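A.B. asks: Below you will find the structure I want to go over with you.
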Amino acid sequence: SFENRADCVVVDEPLYGHYLAATGIAHPMRDEVLASCETDWRVAARALHAPLPGAARCFYQKHMAHHLLPEVGREWLAGLTHAFLIRDPRAMLASLHAKYPDPVLADTGLEQQVELFERRRAETGETPVVIDADELLRAPEAVLRVVCERVGLAFDDAMLSWPPGRRDTDGVWGEVWYASVEASTGFGPPREPCAELPAALEPLARECEALHAVLHPHRIRA
């Protein structure tokens, strides 16, 4: 959506390489990801403050919050505008479990999302943007208009549709994770409620629901 704006450049999960190198976790395509990414978070973070090219005025940085490991500094985040994308915890866990069996809380990034949300609110005195996936799918234009207003951008109709297929800016891991978005040309309908989770994931679901409850009241309403 943001990449389809003519004034926007994007980067896809720039801390993924450091995350895999530091944790040793066996994610799908681990070797390919490590070969394609910067593995020093400091170098990656500096690149995220580089001047924008040409007429671009928006640098959209798609992060996975769980990549912010404890040793990753937070000071570089102060110069960025924050927006938090959240999803129903049970639907999120069902999706994660399908590609990455036996997830734990650290795989969800919810603890870091809450940490950064509260930090940003304390630093600025303002509530950061929170985008709920279901609200966005229910009324994409309405929600995106509010998002753009709150981050200081004019809304662009180009954000509502895009060509199908892989993008040059997608990480190599898109081969595993991005089939749905590659097939899409716009926002789809709201998702059906997720099927029942495996019993082994119920304790994790409750932990996730408690953290999600901190962010969910602040979502943009469709």
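The values are calculated or read from the model by the stated rules, or taken from the named source; none is laboratory data. In this text the structure is predicted, and so the values were computed from the model without any measurement. We place every Cβ from the backbone using ideal geometry, glycine too, and count neighbours over all the protein chains shown. Surface accessibility is based on the protein's heavy atoms, side chains included, excluding ligands, DNA and RNA. Shrake-Rupley method; radii C 1.70, N 1.55, O 1.52, S 1.80 Å.
A.B. asks: Would you be able to say whether some residue in segment 144-158 is closer than 30 Å to ASP31 by Cα and without any contact (Cβ under 8 Å) to a residue 12 or more places away in the chain?
C.D. replies: First pass over segment 144-158, keeping only residues closer than 30 Å to ASP31 by Cα: none.
No, segment 144-158 has no match at all.
A.B. asks: Can I ask one more? Please work out which residue is nearest to TRP177 (Cα to Cα), limiting yourself to segment 1-29 and to residues that are open to solvent by 60 Å² or more (accessible area, probe 1.4 Å) and over 19 Å from the mean Cα position of the chain (by Cα).
C.D. replies: ALA26
A.B. asks: Say whether the condition of being under 20 Å from the mean Cα position of the chain (by Cα) and small (Gly, Ala, Ser) is met by at least one residue in segment 190-205.
C.D. replies: Looking for residues that are under 20 Å from the mean Cα position of the chain (by Cα) and small (Gly, Ala, Ser), one finds at least one in segment 190-205, hence yes.
A.B. asks: Moving on. Would you be able to tell me the number of residues in segment 194-222 that are over 19 Å from ASP102 (Cβ atoms) and without any contact (Cβ under 8 Å) to a residue 40 or more places away in the chain?
C.D. replies: Result for segment 194-222: 3.
A.B. asks: Can you tell me which residues in segment 109-142 are over 21 Å from LEU80 (Cα atoms) and assigned to a helix (DSSP H, G or I)? I'd like the intermediate steps shown before the answer.
C.D. replies: Within segment 109-142, the subset over 21 Å from LEU80 (Cα atoms) is 133-142.
Listed by number, the residues that qualify are ALA133, ASP134, GLU135, LEU136, LEU137, ARG138, PRO140, GLU141, ALA142.
A.B. asks: Take the residues of segment 192-221 that are closer than 15 Å to VAL104 by Cα and outside any helix (DSSP H, G or I): which is most open to solvent (accessible area, probe 1.4 Å)?
C.D. replies: Among those residues, the one meeting the criterion is PRO198.
A.B. asks: In segment 147-183, which residues are assigned to a helix (DSSP H, G or I), of a type in the set (Val, Ile, Thr) and surrounded by fewer than 17 Cβ atoms within 10 Å (Cβ to Cβ)?
C.D. replies: Initially, segment 147-183 is screened for residues assigned to a helix (DSSP H, G or I), giving 147-151, 157-160, 174-177, 179-183.
Checking the rest, the ones that are also of a type in the set (Val, Ile, Thr) come to 147, 151, 176, 181.
VAL151, VAL176, VAL181 - these are the residues of segment 147-183 that are assigned to a helix (DSSP H, G or I), of a type in the set (Val, Ile, Thr) and surrounded by fewer than 17 Cβ atoms within 10 Å (Cβ to Cβ).
A.B. asks: Restricting the first residue to segment 104-128 and requiring it to be exposed (fewer than 14 other Cβ atoms within 10 Å of the Cβ) and of a type in the set (Phe, Trp, Tyr), which pairs with a second residue that is part of a helix (DSSP H, G or I) and modelled with pLDDT of 95 or more meet a Cβ separation below 6 Å and a spacing of at least six or different chains?
C.D. replies: Close Cβ pairs satisfying both conditions: none exist.
A.B. asks: Restricting the first residue to segment 26-44 and requiring it to be on the phi > 0 side of the Ramachandran plot, which pairs with a second residue that is not in a helix (DSSP H, G or I) meet a Cβ separation below 6 Å and a spacing of at least six or different chains?
C.D. replies: Cβ pairs passing all conditions: MET29/TRP173.
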